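Taking it in order: structure first as C-alpha cells, then the write-up.
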Amino acid sequence: MILFIKLLLAHLLGDFIWQPNSWVADKEAKKHKSIYLYLHILLHGILAAILVGEIQFIPYAVLIAVTHGIIDLIKLNFQKKKTKRTWFVLDQIAHVLILIGVVLLYKGEPIQFQWFNNQFWVLITGVLLITKPTSIFIKTIISIWTPESQNSHNDNSLATAGNYIGILERLFVFCFIVTGHFEAIGFLLAAKSIFRFGDLKEAKDRKLTEYVMIGTLMSFGISIITGLIVQTLLLQLL
C-alpha cells in the first residue's frame, strides 16, 4: 500500500503541484511538438524513482513515465473544448490504473478480485440508485408543481447546477447513513437551508418555496431510506 501512496504522491506533484499553467497551455497548443510535454514526462519518471527510492524500481519508473506520456498524448489529440472535463477525468483514471498495475507488477502479486463480493454489489447499486435515477424520479414527480419562475432561464444560476447539487447532497447523506454518522445529516440540511434562504426570501414566491422544500425532502428521504437498506444488507452479508 505504501508503494502506491508514494506513486500517487509523485503523480499529484507532477500533474498538479509542479506543472505550471504555461506548460499546460503549450501542450494543448503544440501537442507532441511541445517541449514541455517531454519535460512533464521526465518529471513524472524522476519523481516516481526518487520517492520510491529503490534502484530496482527505476525500470518501472521509466514505464510510468512512458505510459503517462502516451495517455497525455491521447488526451491532447482527442479532447475538444466541450469534452475537456470528460477527457480530464478519463486521463486521471487511466493514470491511477497504471500506478495500480505497476504496484502489482513490481510486488509480483496477482490481481485479486475478491473485493467484488456481495457487499460491493449492494453498495454500488445503492450509490447508482441515488444519482441520476433518483434525479429523474424526483423531477418527474414534482414536475406538476413547477412554478413559472423555475422555468425562467433569465437568472444567474449555473446550467443544471440544481441537478448536480441534488446528486451530491444525496451521496453525502448516503455516506453518512452507511458509516453511522446520522448527526451529520442535520448539519448538511441546515447548511443547505442557510444557502437557499436568501434566494427564496428574495424570490417572494410561495410556490417556489414549497417546490424547493418538496424536492429537498424527497431527496433526503430517498437517500436516508436507501442508506438504511444498504446498511442493513451490508451487516447481514458480514
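The values are calculated or read from the model by the stated rules, or taken from the named source; none is laboratory data. Just so it is clear, the model here is predicted, and its values are computed rather than measured. Using ideal geometry, Cβ is built from the backbone for each residue, glycine included, and neighbour counts are taken over all protein chains shown. Accessible surface areas use protein heavy atoms only, side chains included; no ligands, DNA or RNA. Shrake-Rupley method; radii C 1.70, N 1.55, O 1.52, S 1.80 Å.
Relative contact order for the chain: what is it in percent, counting Cα pairs under 8 Å that are at least 6 residues apart? Spell out each step's value before the answer.
Values: 160 pairs, mean separation 45.0, N = 238.
Averaging sequence separation for qualifying contacts and normalising by length gives 19 percent for the chain.
Take the eigenvalues of the Cα gyration tensor for the chain, scale each by 5, and report the square roots as semi-axes in whole Å, largest first.
Values: eigenvalues 359, 141, 43 Å².
So the equivalent ellipsoid measures 42, 27, 15 Å along its semi-axes.
Would you work out the charge dipole size for the chain about its Cα centre, treating the Cβ of every Lys and Arg as +1 and the Cβ of every Asp and Glu as -1, and quote it to the nearest 20 debye?
Dipole of the chain, to the nearest 20 debye: 560 debye.
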Filtered hits (lysines, Cα-Cα < 28 Å from K82, offset >= 8 within chain) -> K27, K30, K31, K33, K132, K139
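Give me the percent of the accessible area of the stretch 1-136 that comes from carbon and sulfur atoms, probe 1.4 Å, all protein chains in place. Walk me through the numbers on the way to the answer.
On the way: 6290 of 8720 Å².
After summing per-atom areas, the C and S share lands at 72 percent.
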Probe 1.4 Å, heavy atoms of protein chains only: per residue, the accessible area of the chain in Å² is 67
Calculated from DSSP H runs of 4 or more alone, at -39500 (n - 2.57) each and per residue, what is the 222 nm mean residue ellipticity of the chain, nearest 500? -25500 deg cm²/dmol
Accessible surface of W121 - all protein chains present, 1.4 Å probe, nearest 10 Å²: 130
For W18, distant residues with modelled amide H under 5 Å away: none
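Only helices at least 18 Å long along their axis, Cα-based, and averaging 1.0 or more on Kyte-Doolittle count here, so list those DSSP H runs from the chain.
Working: long enough: 35-52 (26 Å, 2.18); 58-78 (30 Å, 1.46); 84-107 (34 Å, 1.17); 161-178 (26 Å, 1.59); 183-203 (31 Å, 0.55); 206-236 (45 Å, 1.11).
Counting only whole DSSP H runs, the qualifying helices are 35-52, 58-78, 84-107, 161-178, 206-236.
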Looks like the stretch 10-122, by Cα gyration tensor root eigenvalues a ≥ b ≥ c and the a/c under 1.5 rounded cutoff (else prolate when a/b is bigger than b/c, oblate otherwise), is oblate
So for the stretch 18-138, taking the charge dipole from beta-carbon charges (+1 Lys/Arg, -1 Asp/Glu), which of T134, L123, V96 sits furthest toward the positive end? T134
